[in-house]
Amino acid sequence: MIDFTLKEGFNRSACPICYTIEEQMHDFLFWFEREGYHEYSSIKSLFEHSCICSRHKKQILNLKDKLNNTFELLIEMEEKELKELMKTRSPKRKAKEIEKNCRFCIEERRIEEHAIETFVKSKELIEDYLNSRSLLCKKHTLLIIENLDKKETAQKILKKALHKLDVVHKKIGLYFKKIDYQSKEKPEEDELNAYLDAIKFFSNL
Ligand SMILES: [Zn+2]
Ligand SMILES: [Zn+2]
């Protein structure tokens, strides 16, 4: 299943691992909405990581009043814990831990680890990636390199990144040349937008 999503990601100009995380998170939220909130284990795991980061808050707010189902049970559990805290004054979890513990970020990390593991173990996927138009973002280039056994494969991945960055670098060079007042040419569309390709490399989820 994850192989299929990775391969779909190779047909895009952005990072195939980021694409896989986005797609699988979309599925996760789909099921979270449809059945997750009925299910005790899903609510329990949300309670155990009871923080929703600002990025995921935006996404789950789209589930609207269906979230009443989720929060009915979640609030019940939270009330129990707070009553306990009134007696003991020693919280089970420290505030700092809660901050890092968004249930949805944890799911994203799980997908990311799975995608990277699948990628580095498959010769076919690596080959497909090397021949594709996609480019791993900086974070995922580094994570893939760290997890690859073979030095030669790591070098091929880096070579591809260097080649793509060189193309962007040259486009930016042409852009500056053409905006010079002495230039007779105007920058082409892809030279004007060269920074967009740079952003794809430097940003990640
Ligand atoms: Zn990425
Ligand atoms: Zn999050």
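The values are calculated or read from the model by the stated rules, or taken from the named source; none is laboratory data. Predicted model only: the values in this text are computed from it and were never measured. Note that each Cβ is placed from the backbone with ideal geometry, even for glycine, and that neighbours are counted across all protein chains shown.
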Checking Lys57, Lys80 in turn, the sole residue that is assigned by TED's automatic domain parsing to the domain that holds Arg110, more than 16 Å from ligand 1 (Cβ to nearest atom), under 18 Å from Asn101 (Cβ atoms) and in a helix (DSSP H, G or I) turns out to be Lys57
Looking at Lys177, Lys200, which one is within 23 Å of Glu8 (Cβ to Cβ) and part of a helix (DSSP H, G or I)?
-> Lys200
If you take the residues in the stretch 135-151 that are of a type outside the set (A, V, I, L, M) and more than 9 Å from ligand 1 (Cβ to nearest atom), which one is surrounded by the most Cβ atoms within 10 Å (Cβ to Cβ)?
-> Asn147
Working only within the stretch 1-32, note down all residues that are surrounded by 15 or more Cβ atoms within 10 Å (Cβ to Cβ) and within 16 Å of ligand 2 (Cβ to nearest atom).
-> Cys18, Ile21, Glu22, Gln24, Met25, Phe28, Leu29, Phe32
Kindly indicate whether His114 is under 21 Å from His163 (Cβ atoms), more than 16 Å from ligand 2 (Cβ to nearest atom) and part of a helix (DSSP H, G or I).
-> no
Counting only residues that are in contact with a Ser or Thr (Cβ under 9 Å, 6 or more places away or on another chain) and not in a helix (DSSP H, G or I), which one in the stretch 85-101 is modelled with the highest pLDDT?
-> Asn101
Looking at Ser122, is it at pLDDT 95 or above, of a type in the set (S, T, N, Q) and more than 16 Å from ligand 1 (Cβ to nearest atom)?
-> yes
